[in-house]
Structure formats: C-alpha cells, structure tokens
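Worksheet: one structure, shown below.
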Amino acid sequence: MFETSDFGVSETGIHLLRSRFNYETVKFSDISKAEIVKGKELNNWWVIFLFGVLLLSFSHSIIEATYEYFMKPSGIIYIEQIALPIIPTIFGVYCIYVSLQNGFVLKFQSYGGRNYKYPLRSFIKDGKFDDFRIFMKSKVKVNFTFELPG
C-alpha cells in the first residue's frame, strides 16, 4: 500500500527492503511501540557530519599551505594546487548539509527489542503522509504516537 526505497507497508506488516526486495517482515502484532516524530533522517548522522568536518579541515589546511607558498617571493603556483581543495570542500559541505537535515521519521520497536528508524520524506513529497499516518494508527494498536513539531 505504501512504499519507499527502504520499507513498504501492507495489510500484514512492515516490509524492510533492500534494492526493492523484501529481506524481513515485521508484523504489526510484533510491534511493541511505534511513533512518527521529527528528527534526523540519517542513521549515524554524526559519522557523516564528522567526515564533512574532516574534509573541510583538510581543504582549509591545503588552502592555507598554498597561500603561504604563494606569498614567498619565488612562489610558483600550479593550477592543481588551486583545484585540489575544491572537491573536498564541496563534498564536505554536502556531507554536513545532509547530516543535519531533519524530517519526519517512523521509529518502531519490536517485542524482541530491535529498533527501526526510516525517513518519511517520500510520503510527504507524494502527498501520502496523512494517509500513511491514519493507516499506521489503525494497524498499530499498541503505543502509536504522532508528534507534531512545536
């Protein structure tokens, strides 16, 4: 009924997907707690953020070394020295941007204690978010919460 690249929802449960193929199904009766909250869309977002900061610091050190070399009286600068910090700077800024994005995420926990977290951005973009929320509220009978950001 509802599908993203990471998971799909049917009448029986939530189907976890890899390359659009089901590798695990969590039945609605196996869900002990479910909630839709506003939060980080990436799992381990801090790793991506740290990687972006490291790329930016690497670019900064290269720019600083190139500037010091350029200020010498006999300093010759090659185009590679100018172009080298551009790619890590762009990639670092992108990593920081992606890691800090917030959006609605579906968090649920099975009775076995395993936690799941999936972004709902595609439902919002397709206009299916309210239908998904109503469907989940009808299917998950135990501890389903929906928090509007406030």
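The values are calculated or read from the model by the stated rules, or taken from the named source; none is laboratory data. Here the structure is a predicted model, which means the values were calculated and not measured. Note that each Cβ is placed from the backbone with ideal geometry, even for glycine, and that neighbours are counted across all protein chains shown. Only protein heavy atoms, including side chains, enter the accessible area calculation; ligands, DNA and RNA are left aside. Shrake-Rupley method; radii C 1.70, N 1.55, O 1.52, S 1.80 Å.
Of the lysine pairs in the chain, how many meet both conditions: Cα atoms under 18 Å apart, and a spacing of 8 or more in sequence or different chains?
Lysine pairs, 8 or more places apart or on different chains, close enough: 27.
What does the charge count around GLY127 come to, taking other residues whose C-beta lies under 15 Å from its C-beta (Lys +1, Arg +1, Asp -1, Glu -1)?
Summing Lys/Arg as +1 and Asp/Glu as -1 gives 0.
If you add up the charges near GLY13, with Lys and Arg at +1 and Asp and Glu at -1, over every other residue whose beta carbon is less than 11 angstrom from its beta carbon, what do you get?
-1
Between ASP6 and ILE86, take the C-beta separation as r, use R0 = 25 Å, and let me know the FRET efficiency to the nearest 0.05.
Details: r = 32 Å, r/R0 = 1.30.
Using R0 = 25 Å, I get an efficiency of 0.15.
Going 7 Å from the Cα of VAL142 along its beta-carbon direction, which residues of segment 19-58 have the amide nitrogen within less than 19 Å of the resulting point?
So the set is 25-36.
Quick one: angle between helix 86-99 and the longest Cα principal axis of the chain, in degrees between 0 and 90, rounded to 10, please.
20
Any idea of LYS40's accessible area? Nearest 10 Å², probe 1.4 Å.
50
Quick one: Karplus J couplings for segment 57-73, per residue in order, coefficients 6.51, -1.76, 1.60, θ = phi - 60°, nearest Hz, x for Gly and Pro?
Karplus values, whole Hz, x for Gly and Pro: 5, 4, 4, 4, 5, 5, 5, 5, 5, 5, 5, 5, 5, 5, 6, 5, x.
Please list PHE49, PHE129 in order of solvent-accessible area, largest first, computed with a 1.4 Å probe with all protein chains present.
Working: PHE49 70, PHE129 25 Å².
Ranked from most to least accessible, the order is PHE49, PHE129.
Could you list the square roots of 5 times each eigenvalue of the Cα gyration tensor of the chain, that is, the equivalent ellipsoid semi-axes, sorted largest first and rounded to whole Å?
That gives 46, 14, 13 Å for the three semi-axes.
What spacing in nm lies between the two simple spin-label points modelled at ASN43 and SER29, each 7 Å away from Cα in the Cβ direction?
So the two model labels end up 2.6 nm from each other.
How fast does segment 1-74 diffuse by Stokes-Einstein, in µm²/s, taking the Kirkwood radius from C-alpha pairs at 4 °C and 1.567 mPa s?
For these conditions, the coefficient is 77 µm²/s.
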